[in-house]
Amino acid sequence: GVHTTIALFDPEDYAEFCAESGLDADTGASRSRFTAEIAAAGATVAYTGQRLTDLIPLLVSRAVRRATWEYATLVLTDLGACADCGQDIGRAAIDRASHLLTRLLERAGPGTHHLVCSTPTENDQLLAVLHTHRDPTGPARLDTSEGAEFATVLAVAIALEKPGGVVLRTSAPDTPDRVHGWRLAHGALAPLTAGEVFNAYCTDAETGEPVSPESGVEYCAGFD
C-alpha cells in the first residue's frame, strides 16, 4: 500500500557514482544510496503492478528523454550572451520555442496530437516527442515535462540555426489522420508542402528507399 518508484540501475553509472563518492560498490548501503538518488532526481516510473517486460521499455524511454533534455539544456546554457545585444541566447531561444509550440497547438485544433522535433548537433541527433489532446471547447492538455523537453530541443535548433524539423500528426474520430510538417528557418517554422511531407514520411531514413504510404492518412502542407 505504499508508493513505489522504479528506476533503471545502470552498472556503469553506479561504478562512476561510487568512485566519485568514495563508496564501496559491493555493499547494500551504497546500492541503496545510489538508487535513492536516482529515484529523487532521475528518470523514474511509478510502479502500479506492471510486468517487468512492460516496465523496461518505458524506463529506457524515460532515461533517453531525460538525457536528451539534460544535454540540450547544457548546449543552451553554454551559448552565453549575444555579443551585440547582451541577451542570453539560450533563454531567448527557449522563449521563442515556447511561443512556436503554443501557436502550433493553437492552430492544430481539436484532436489527439503527436509531435516530433529533430535537430542535429555536433555530437548527436536530438529528438523530442510530445503527445497532447485538445477538446473542441478547451486548450490542449499536455504533460509538463514532455512540453519542456520538446521546447528545449526546438530551442537548440533555433539557437544553433541547425536544419531542424517538426512533424505533427493529428487523430480524430471518424476522420483520416492528418500529417503536417515544417522545417526550421531563421528561428521560424517554415511550412513544408504536401509533397514534401509525403516524401519525408514515405522514405526510409536509413536507406533512402521509398516506403509505402499508410492507409487512412492524409499528408498535408504545414500551416502558417
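Please sort by residue number the GluC sites (Glu not before Pro) in the stretch 191-224 whose DSSP state is loop and whose Cβ has at most 11 other Cβ atoms within 10 Å. Intermediate values should be presented prior to the final figure.
Values: sites: GLU196, GLU206, GLU214, GLU218; in loops: GLU206, GLU214.
Hits after loop and neighbour filter: GLU206.
With every protein chain left in place, what is the accessible area per residue of the stretch 75-121 in square angstrom, probe 1.4 Å?
Values: 2400 Å² over 47 residues.
Per residue, the stretch 75-121 has 51 Å² of solvent-accessible surface.
Seen against the Cα atoms of the chain and their longest principal axis, helix 11-21 is set at about 60 degrees.
A 1.4 Å probe run over the stretch 129-224, with the rest of the protein chains in place, finds 55 Å² accessible per residue. Sequence-distant contacts, meaning Cα pairs under 8 Å at least 6 residues apart, place the relative contact order of the stretch 98-224 at 21 percent. Which of these, GLY80, GLY22, GLY181, has the largest mean-square fluctuation under a Gaussian network model of the chain (Cα springs below 10 Å)? Of GLY80, GLY22, GLY181, the Gaussian network model singles out GLY22 as fluctuating most.
Comparing LEU115, LEU105, LEU55 in a Gaussian network model of the chain, where Cα atoms under 10 Å apart are tied by springs, the biggest mean-square fluctuation is seen for LEU55. Using the Cα centre of the chain as the reference point, and only Cβ charges (+1 on K/R, -1 on D/E), how large is the resulting charge dipole? Debye, rounded to the nearest 20. Computed about the Cα centre, the dipole is about 720 debye. Return the carbon/sulfur percentage of the accessible area of the chain, one whole number, probe 1.4 Å, all protein chains in place. Ligands and nucleic acids excluded, carbon and sulfur give 54 percent. Summarising the amide proton neighbourhood of THR203: residues at separation of 5 or more, or on other chains, whose placed amide H is nearer than 5 Å comprise VAL211. Overall form of the stretch 8-123: oblate. Here a/c, set by the Cα gyration tensor axes a ≥ b ≥ c, is 1.5 or more, and a/b is not larger than b/c. Charge tally for THR193 (other residues, Cβ to Cβ under 14 Å; Lys, Arg +1; Asp, Glu -1): -2.
Using only the alpha-carbon atoms, how far is helix 52-77 inclined from the longest principal axis of the chain? Give it as 0 to 90 degrees, nearest 10. Relative to the chain, helix 52-77 is tipped by roughly 80 degrees.
The values are calculated or read from the model by the stated rules, or taken from the named source; none is laboratory data. Keep in mind the model is a prediction, meaning the values are calculated, not measured. When we count neighbours, we look across all protein chains shown, and the Cβ atoms used for this are built from the backbone with ideal geometry, even at glycine. These area figures cover heavy atoms from the full protein model, side chains too; ligands, DNA and RNA do not enter into them. Shrake-Rupley method; radii C 1.70, N 1.55, O 1.52, S 1.80 Å.
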